[in-house]
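Read the structure below first, then the notes.
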Amino acid sequence: MNPILFGDAYWESEIPLKDKSLAQFILEDEVPLLHCFHNQLKLGATLLRTPTRHSTLPDLAKLGLSDKSEALHNIAVSSGKHAIAAGGFDALLAGVLGPHLLVEGEDREAIWERDYAESAIYMIDKGADCMMVEGINDFLMFQAALRGIKKVNQVPVPVSAFFRLGEDRPKMIEKLYYVAELLELEAIGLELRLSEVAALSPDMLPTDLALGIQLLGEPQPLDKKERDQAIVSLLKLNPTLILAGEGMESAQWIELKPRIQELAG
């Protein structure tokens, strides 16, 4: 089994915004953001994500912050890097890109690609250790995000891409790995609930590419036996990165992560 890198909780939903948008929170005061990063590092995260999943250009435009994209992405990266360095933590910082608006028209993929490229270059230039795409379940948008990153990733930094699986999982996994190979990704990732992992088998997954798993929140908690059986199924997939996805808050991740580590040996 490969060594497993454990990421952070889905802590973006836990930020005390106090009637502000997340973008305003990031732009107005760096200190609370530093505390958020530091808390995740103290909990043992070896991969931190910037809280930029919902900071696409259309997201900012709705808030009247269209001209603040560079500042926001710069602050998100510099705060994370500072928290890691100041605390002497051995961790990586991933610059995150999330879902864009589902626009219509023949030029929609070009719009997505352009906007993703702009956000990515700010975070790469500011020193993100890697780039991560997450929270997307539209395959055309997913590809546009990756092309946008590739266009500006001159360093280059590693890129991992997480896709939220729908119903036809074997076919979609095959398409994901084809795109990953075409765009030279370091890792491909799947977003799913722990209770859904048993539906996957190792023979669905090519072995020449690192696998990441984002565990989404469960609608109903698993009992200990169900949880442990699901973890065993998860470990059979030989993931190299496991982190909490949307709906998996810090308290749940704090409880689950040690058990995964224990069963992984």
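The values are calculated or read from the model by the stated rules, or taken from the named source; none is laboratory data. For clarity, every value in this text was computed on a predicted model and none was experimentally measured. Counting neighbours? That spans all protein chains shown, and the Cβs are built from the backbone with ideal geometry, glycine included.
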request  = Please indicate, with yes or no, whether at least one residue in the stretch 14-21 is part of a helix (DSSP H, G or I) and either among the β-branched types (V, I, T) or surrounded by 16 or more Cβ atoms within 10 Å (Cβ to Cβ) (or both).
outcome  = no
Odd one out for E134, checked against (1) within 27 Å of L205 (Cα to Cα); (2) of a type in the set (D, E, K, R); (3) more than 13 Å from the chain's Cα centre (by Cα) = (3)
request  = Could you look through the stretch 242-262, keep only residues that are among the hydrophobic types (A, V, I, L, M, F, W, C) and surrounded by 13 or more Cβ atoms within 10 Å (Cβ to Cβ), and pick out the one that is farthest from A187 (Cα to Cα)?
outcome  = I254
message = Can you go through F25, F6 and tell me which one is outside any helix (DSSP H, G or I), at pLDDT 90 or above and not aliphatic (A, V, I, L, M)?
response = F6
query = Where residues in the stretch 200-241 are exposed (fewer than 14 other Cβ atoms within 10 Å of the Cβ) and part of a loop (DSSP other than H, G, I, E, B), which of them is modelled with the highest pLDDT?
reply = D223
key: Only one of K81, K68 that is in contact with a Leu (Cβ under 7 Å, 6 or more places away or on another chain), basic (K, R), over 25 Å from D19 (Cα atoms) and in contact (Cβ under 8 Å) with a residue 24 or more places away in the chain   = K81
key: So F6, is it surrounded by fewer than 21 Cβ atoms within 10 Å (Cβ to Cβ), within 21 Å of C130 (Cα to Cα) and within 21 Å of the chain's Cα centre (by Cα)   = yes
ask   = What strands (runs of 3 or more DSSP E) completely inside the stretch 106-199 contain at least 2 residues that are modelled with pLDDT under 95 and farther than 24 Å from L5 by Cβ?
value = none
query = Going by the structure shown, is V155 surrounded by 14 or more Cβ atoms within 10 Å (Cβ to Cβ) and closer than 30 Å to K126 by Cα?
reply = no
inquiry  = Within the stretch 158-195, take every residue that is surrounded by 17 or more Cβ atoms within 10 Å (Cβ to Cβ) and acidic (D, E) and give me the one that is farthest from the chain's Cα centre (by Cα).
reply    = E186
A244, sole failed condition from (1) modelled with pLDDT of 95 or more; (2) farther than 21 Å from L41 by Cβ = (2)
ask   = For the stretch 124-152, which residues satisfy the criterion of being among the acidic types (D, E), crowded, with 17+ Cβ neighbours inside 10 Å and closer than 16 Å to G189 by Cα?
value = E134
remark   = Those residues of the stretch 38-67 which are farther than 30 Å from E255 by Cβ and part of a loop (DSSP other than H, G, I, E, B) amount to T56, L63, G64, L65
task = Please list, ordered by first then second residue, the pairs with beta carbon atoms under 8 Å, 6 or more apart or interchain, first in the stretch 181-206 and at positive phi, second crowded, with 17+ Cβ neighbours inside 10 Å.
result = E184/K150
ask   = Quick check: anything in the stretch 233-254 touching a residue at least 24 places away in the same chain (Cβ under 8 Å) and over 21 Å from the mean Cα position of the chain (by Cα)?
value = yes
request  = Give the number of residues within the stretch 71-96 that are part of a helix (DSSP H, G or I) and more than 16 Å from S119 (Cα to Cα).
outcome  = 9
